[in-house]
Amino acid sequence: MASRLRQPRTAGTYGRRLLVVAYLFLLVIWPVALVVQKTFEGGLDNLQTALSDPVVTDALQLTVVVALWAVAINTVFGVGISLLLVRYDFPGRGVLSALIDLPLSVSPVVVGLALLLAYGGTNGTFGPALQDVGLQVAFATPGIVMATAFVSLPLVIREIVPVLHEIGTEQEQAATSLGAGPWQTFWRITLPSIKWALVYGVVLSLARALGEFGAVKIVSGNVAQQTQTATLVVEQKYQDFEQGSAYATSFLLALIAVAALVVVTILRPKDDTDGD
Amino acid sequence: MTVDSSSLAPGTARRRRARGTGAPLTRSSGIGLGIALTWFSLLVLIPLCLVVIQSVDGGWTTFRETLTNPQTAAALRLTVTQALIVTVINVVMGTLIAWVLVRDEFWGKRLLEVVIDIPFALPTIVAGLVLLSLYGPDSPLGVNVANTERSVFLALLFVTLPFVVRTVQPVLMELDRDVEEAAASLGASRFTTLRRIILPSLAPAITAGAALSFARGISEYGSLVLLSGNLPLKTEVASVRILTYIENGNEAAAASVATILLLVALAAIVLLQVVSKWVARRG
């Protein structure tokens, strides 16, 4: 099966190419194209109906607010923990580095359950105490932000860590020896070197945050116009036979996610990132 | 381009390099570590521990009762079987796709690179809707898998598409083709080259991709909501069982199923690592 470099193309080359294209066409390209087609079936009617429905617009607004919060938290936490993991020695570093990936293997439903057990208003471990000081987590925006931050937590870290390893510490040490403080070194040397990995991690997190469904469904309580996010609206509209609105909302969500990915793919310089 | 190995593979290269030189903690970095660990514990570790604790809280009876419930047992069986089948297909198709993307050159290849990432970027509920449009009741192909076991298979196949491709691709890019040519010039057949040279080098990456794909498969929820109909004993998966238990206020049973899912994922990762080592050594 090895088609070696600069070898004439054999029937196998074309066969494999055809198989791959057909597989991706049937699994991804055609289905996605159909959703776009269904969204615009009656011209812009579906989009207009969806965008004039307060249930949809409120949900989109909540989704954007939650996603921005979650991504901001993950970015600050991600950069901090990546620097600590790569640049410092402390007991338990290996364990922490392994645990960071945990959220990627946990079912969104389990994430929701876990957060409910910890922060549920009546019988969660911390919930009642937090409620006493006036902070409701579960079935409110903070809970939705936490669920979203949970599921997208490793994405920024996974992008930055290999690049930090790659760039080494020489420039940072040079900056320090020339009298730069830690902040100055970070802003002038470290941040510019990890810029593209960071942007890519942020975009992946954003895509994931906008699209989270299972964890949010459990933690939010799914109350229309209050704690219902855009993905929850898609489910509700579809089940209420308002399929036009469901397709339109799906289209908007998919558009943001895919557009962000494509833009970063085009922007990102190639040699800068293949860190490992 | 796009989701590279580092974003999907549970760091192979990264972990290897993680040991080594590092400065001891300074005062400010120590405080930073403290804050980061507190947040990580509050968000991830403590809640997940509570799930495990909850599942064994009432002794083993809740655990055993939950598992012997026929509906739950059927859901777990369906989830694990379908995730296994999908993982096997991903190992074959994912490696093939990575191969074509790296070694072949044709018009539209860049587009395929973006297509691979779509299942990762698309919200899961939208993924379900997307599949429903081609394989649902109004299918232009006349294939309707909605509310059958095949819908679970299809949804898992869709959402796990990028994992093997994105872990194998970078390794394949760096693979030294001189070795393959040397093997061929020494009389190795294409099959021998594949088995003795290429597969052993790809084994760790394929394994990492397969583990991610399996873990994602058994935990999938969103894409199945609209597609599978969640029929008890037929198309209901483990995540849906957990949700039903939560909605009925039976958190202990929900936690039991969740713990089993965590254990299955862990077992799969360990098993795959063993297989990967074996393949790499044999080659």
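The values are calculated or read from the model by the stated rules, or taken from the named source; none is laboratory data. All values reported here derive from a predicted model rather than from experimental measurement. Every residue, glycine among them, receives a Cβ derived from its backbone with ideal geometry; neighbour counts consider all protein chains shown. With ligands, DNA and RNA removed, areas are computed over all heavy atoms of the protein, side chains included. Shrake-Rupley method; radii C 1.70, N 1.55, O 1.52, S 1.80 Å.
Are there helices (runs of 4 or more DSSP H) fully within region A:172-275 with at least 2 residues that are touching a helix residue (DSSP H, G or I) at 6+ places or on another chain (Cβ under 6 Å)? List them.
Output list reads A:191-211, A:214-220, A:230-239, A:243-267.
Assuming A:T125 fulfils every condition listed in (1) within 9 Å of chain B (Cβ to nearest Cβ); (2) open to solvent by less than 50 Å² (accessible area, probe 1.4 Å); (3) not aliphatic (A, V, I, L, M) apart from one, which condition is it?
Checking A:T125 against (1) within 9 Å of chain B (Cβ to nearest Cβ); (2) open to solvent by less than 50 Å² (accessible area, probe 1.4 Å); (3) not aliphatic (A, V, I, L, M), the one that fails is (2).
Taking region B:235-254, which residues are more than 24 Å from B:L212 (Cβ to Cβ) and in a helix (DSSP H, G or I)?
B:T244, B:Y245, B:I246, B:E247, B:E251, B:A252, B:A253, B:A254 - these are the residues of region B:235-254 that are more than 24 Å from B:L212 (Cβ to Cβ) and in a helix (DSSP H, G or I).
Taking the condition open to solvent by 10 Å² or more (accessible area, probe 1.4 Å), more than 18 Å from the chain's Cα centre (by Cα) and modelled with pLDDT under 85, does A:T57 pass?
Numbers: open to solvent by 10 Å² or more (accessible area, probe 1.4 Å): yes; more than 18 Å from the chain's Cα centre (by Cα): yes; modelled with pLDDT under 85: no.
Answer is no for this residue.
So B:Q82 passes all but one of these: (1) open to solvent by 30 Å² or more (accessible area, probe 1.4 Å); (2) assigned to a helix (DSSP H, G or I); (3) not aliphatic (A, V, I, L, M). Which condition number does it fail?
Exception for B:Q82: condition (1).
All but one of (1) within 11 Å of chain B (Cβ to nearest Cβ); (2) at pLDDT 85 or above; (3) under 27 Å from B:A155 (Cα atoms) hold for A:G78, so report the exception by its number.
A:G78 satisfies all of (1) within 11 Å of chain B (Cβ to nearest Cβ); (2) at pLDDT 85 or above; (3) under 27 Å from B:A155 (Cα atoms) except (3).
Would you say B:T148 is away from every other protein chain (no Cβ under 11 Å), hydroxyl-bearing (S, T, Y) and out of contact with any helix residue (DSSP H, G or I) (no Cβ under 6 Å at 6 or more places or on another chain)? It would help to see each step written out before you state the result.
Working: away from every other protein chain (no Cβ under 11 Å): yes; hydroxyl-bearing (S, T, Y): yes; out of contact with any helix residue (DSSP H, G or I) (no Cβ under 6 Å at 6 or more places or on another chain): yes.
Yes: the conditions hold for B:T148.
Could you list all residues from region A:69-93 that are open to solvent by less than 30 Å² (accessible area, probe 1.4 Å) and more than 24 Å from A:Q171 (Cβ to Cβ)?
Within region A:69-93, A:A70, A:V71, A:N74, A:F77 qualify.
Just to check your reading of the model, which residue among A:S105, A:S82 is polar (S, T, N, Q) and under 22 Å from B:P24 (Cβ atoms)? Walk me through how you get there before you give the answer.
On the way: A:S105 fails: under 22 Å from B:P24 (Cβ atoms).
On inspection, the qualifying residue turns out to be A:S82.
Looking only at region B:123-138, how many residues end up being open to solvent by 10 Å² or more (accessible area, probe 1.4 Å) and assigned to a loop (DSSP other than H, G, I, E, B)?
Residues meeting the conditions: 2.
Tell me whether region A:239-254 contains one or more residues that are facing chain B (nearest Cβ under 9 Å), surrounded by fewer than 20 Cβ atoms within 10 Å (Cβ to Cβ) and among the charged types (D, E, K, R).
No, there is no match, as no residue in region A:239-254 is facing chain B (nearest Cβ under 9 Å), surrounded by fewer than 20 Cβ atoms within 10 Å (Cβ to Cβ) and among the charged types (D, E, K, R).
One residue is enough: does region B:88-107 have a residue meeting the conditions at the interface with another protein chain (Cβ under 8 Å from one of its Cβ atoms), open to solvent by 30 Å² or more (accessible area, probe 1.4 Å) and in a helix (DSSP H, G or I)?
Yes: one or more hits.
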